[in-house]
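The values are calculated or read from the model by the stated rules, or taken from the named source; none is laboratory data. Only a predicted model underlies this, so the values are computations on that prediction, with no experimental measurement involved. Note: ideal-geometry Cβ built from the backbone for every residue, glycine included; neighbour counts use all protein chains shown.
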Amino acid sequence: MQSAQKHITITELKQGSDTLFKHIYEDNRAKFLNFARKYNLSEDDAIDMYQDAYIVFYNNVMEGKVTEFTSSISTYLFSIGKYLIFDKMRKNNKTINPDFDLSLIRERDALMDASFDLDPDDLTTEQVLLKKHFATLGKKCQELLTLFYYRGYTIKDIIATSQYTSENVVKSAKSRCMKTLKERINSND
């Protein structure tokens with residue numbers, strides 16, 4: 001079903017197909033529970049996190065907050081789940097970054113995907129340039145910068161949730177990505 005999920009459209013989901021939503025739920029549940037284990041959540045908490053993430057996913061689709069998937073449905077669902085896990089960790093005093101309040105993001109935007117659908121007339125010149133040139137970066141750079149600057153992950157959090165193996169590798173990659181982004185913004189091709 002993973003490959004079939006790549007072909008599911010927002011239109012099909014908005015039609016309320018119980019079969020499609022059931023497949024998405026069932027196909028991602030075990031993978032998410034396995035993923036959640038690395039955060040030392042109890043089995044019940046992990047199940048609750050998945051169900052909450054799935055509800056947010058469903059509501060975002062049905063309320064039109066998502067107009068297209070820029071990643072796979074699984075990735076989208078997992079990003080919601082990761083966010084909820086970190087929010088729970090914050091509430092349980094397991095800090096991710098003491099200067100960053102994850103609940104503020106949830107109140108402002110459910111997910112980054114929704115924030116990039118803003119009307120261009122509502123954006124400042126700098127925001128327009130950032131949006132334009134951020135989209136030209138590779139997927140790894142986009143993900144790394146999003147995790148660090150938008151989601152508030154620390155370097156250690158990024159290592160725990162991605163394929164990076166050391167702090168130096170993450171710092172170096174982040175530095176290269178930022179340098180590329182700044183150069184593109186400054187050149188404004």
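A quick yes/no check of all residues on (1) surrounded by 15 or more Cβ atoms within 10 Å (Cβ to Cβ); (2) in contact (Cβ under 8 Å) with a residue 40 or more places away in the chain; (3) not acidic (Asp, Glu):
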| site | (1), (2), (3) |
| --- | --- |
| Gly16 | no, yes, yes |
| His23 | yes, no, yes |
| Lys31 | no, yes, yes |
| Phe35 | yes, yes, yes |
| Asn40 | no, no, yes |
| Asp45 | yes, yes, no |
| Phe57 | yes, no, yes |
| Glu63 | no, no, no |
| Phe78 | yes, yes, yes |
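Checked against the criteria, Asp113 does not count as part of a loop (DSSP other than H, G, I, E, B), at pLDDT below 75 and acidic (Asp, Glu). Taken together, the residues in the stretch 153-172 that are touching a residue at least 12 places away in the same chain (Cβ under 8 Å) and among the basic types (Lys, Arg) amount to 1. A single member of Phe86, Phe78 is over 23 Å from Lys179 (Cβ atoms) and modelled with pLDDT of 85 or more, and it is Phe78.
For Leu144, the conditions (1) at pLDDT 80 or above; (2) under 23 Å from Val66 (Cβ atoms); (3) surrounded by fewer than 17 Cβ atoms within 10 Å (Cβ to Cβ); (4) touching a helix residue (DSSP H, G or I) at 6+ places or on another chain (Cβ under 8 Å) are fulfilled apart from (3).
Across the stretch 19-46, which residue is farthest from the chain's Cα centre (by Cα) among those that are of a type in the set (A, V, I, L, M) and farther than 13 Å from Phe86 by Cα?
Result: Leu20.
How about the stretch 148-189: which of its residues are of a type in the set (Phe, Trp, Tyr) and over 24 Å from Glu126 (Cβ atoms)?
Step one: list which residues in the stretch 148-189 are of a type in the set (Phe, Trp, Tyr), which gives 148-150, 153, 164.
Selection gives Tyr164 alone.
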